[in-house]
Structures are given as structure tokens and as C-alpha cells.
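Worksheet: one structure, shown below.
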Amino acid sequence: MLKGLYVAYTGMINEQNRMDILTNNLANASTVGYKKEGSTSQSFDDILTVKIRDASVGKGIIQPIGRNNPGVKIGENYTDYTQGSFRVTGNTYDLALAGEGFFAIEFTNKAGVTSTMYTRAGQFTLDKDGYLRTDDGDFVLDTQNRRIRVNPLLETQISDNGTITQNGTAVARIQVADFEDYNYLEKYGETYYRPVEGAVRRDGTALVKSGYLEMANVQVVSEMVNLINVARAYESNQKIIQTYDNTLEKAVNQIGRLSG
């Protein structure tokens, strides 16, 4: 097997992974609270190549050729947690976090299992019973891990520390949680995160801004430029494979016929 074919193939697989991530970022450029993702590439370890059973150099002699690299492999994907820009909405229950932290959400999956998820997407609404919910219908939690419920008929104010006030009385305080190391957060869907084993939770320091939404931290122009570079790199690897294919075709159809 020609080594160049495999190297070009691994390059195409890597670029395809990068393209998938970039297109997903672009698709979510308008998603509230979305954090863009990135990818890394990793080179395979060099291997020592030798020639064996070559009668031209003598029977039983192993002839070193040198070190070769068999190509590139997909590294780890990562999430960029930098804060996105704020959009003014004027809606009391549209909330944005200025600083580090996440809203705590009571999430129930299709199997009916309930768990706590975390998100930066603060596009909340009140249901008919006065519960504060996400766009997907999940409950927003207070500092005591209880569902937040207010009187939907009364005017509501939400302070920077997350305290919800009605008629001058504090009725709940929105939970803002944070983690010591975001590497222990696993992405769930587009805007939810859940802690994995080893995650250390702490209180968030972010301010809760009522009447604002944090938009995706995706720079469309930058992502488009990266997408063009990825497409060109993919095409370059594709041309390498086509070149090898043409060479092999000539070797089989022309050189083989002449020698016959």
C-alpha cells in the first residue's frame, strides 16, 4: 500500500471533522447562549520503517529505511466559554449572565429521569401557573434547588444578584452556579451542560441582567474564513489521492502491458 494514500485519507477525515464543527457553529450563530466549539489535530507517532526479505541486499538482512509518519488523527474537541454580546430585549424574564456562571435548570429526559443541567441561555418565560421555564419547558431553579414560582399577575423586578421581587417582597433568588474546571462539563444539546465525574461546583460570580440576552459567541466572518481554509485543505488531500490513482492506473495499464 502506498503510504501517501493513507496520509491523504487521514487528512481528509480530519478536515471533515473540522468542517462539521464549523458548520454547526455557523448554524447556531443566532442561538441564545450558544458557545462555539473548536477542534484539535494530533499527529500519529513516527514509526521506524525497515525493509525485510529483499534479495537485492542479501538474504535475512533487515535494511532500515528511516522514520515515517502515517498521517494525522482527530484530537480533542473543545468549547469556547468566552462571553457573547448582549442584546437588549426589555423583557423582564430575558436574563443574561455578566461574568462566570450558569443558570441551573431542572431537566427531564424522554424516559422521565430528572437531573440538573446548566446553561447560559436565559430566554425564560412564565407558564400559566407562574413557574419560570426555559424555551423547552424545563424549570429554572432557585438557590435551594427548588422550582421558581411567582405571581404572573404582579409586576416583577429581578436584581443583579438574581433576587426576584414582587410588591417589594423577595419571592425567590435565581441560582447562579459555576465550576472550578470547565473540562469536567459535558455538552448536552446546543446550550445545556452537565457535570461529569470530577466536577467541582461552586457559586457563580456572574451578575444577572434582566431585559438582556447573551447571544452566541460565534464570529461569523472568522468562521467563514476558517471554513474556506478547511475546504481548500480537503481538496488538496483529495488531489493527492487522485494523483496516486492516476499513477497506479498507468502502472497497471501501461507499464504492465509493455512488460507483458
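Every number here is computed from the coordinates shown, using simple stated rules; none is lab data. Because the structure is predicted, anything quoted here is derived from the model rather than measured. Here Cβ is always computed from backbone atoms with ideal geometry, including for glycine, and neighbour counts include all displayed protein chains.
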Legend entry - Degrees, to the nearest 10: 3-27 long Cα axis against longest axis of the chain: 20 degrees
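Arrange the following residues from fewest to most other Cβ atoms within 10 Å of their Cβ: Val220, Val171. Before the final figure, lay out each step's value.
Working: Val220 12, Val171 17.
Listed from fewest to most nearby Cβ atoms, that is Val220, Val171.
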Inset, instruction - Let me have the 222 nm mean residue ellipticity of the chain computed from DSSP H runs of 4+ only, each contributing -39500 (n - 2.57), with the sum over all residues rounded to the nearest 500. - result: -8000 deg cm²/dmol
Legend entry - Acute angle (nearest 10 degrees) that the helix 220-250 long axis makes with the longest principal axis of the chain, alpha-carbon atoms: 20 degrees
Legend entry - Fluctuation leader among Gly168, Gly33, Gly130 - the chain, Gaussian network, Cα springs under 10 angstrom: Gly168
Inset, instruction - Among Gly168, Gln83, Ala8, pick out the residue whose Cα is farthest towards the positive end of the charge dipole of the chain, where Lys and Arg carry +1 and Asp and Glu carry -1 on C-beta, about the Cα centre. - result: Ala8
Legend entry - Cα centroid separation - segment 11-33 against segment 219-243, whole Å: 13 Å
Legend entry - Exposure proxy order (Cβ contacts within 10 Å, fewest to most) of Asp178, Asp94, Asp160: Asp160, Asp178, Asp94
Inset, instruction - Would you mind finding the longest exposed-site-free stretch of the chain, with exposed GluC sites (Glu not before Pro) meaning DSSP loop and at most 13 other Cβ atoms within 10 Å? - result: 1-154
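What's the tally of Lys pairs in the chain whose alpha-carbon atoms lie under 18 angstrom apart, where the two lysines are 8 or more places apart or on different chains?
So the count of such lysine pairs works out to 8.
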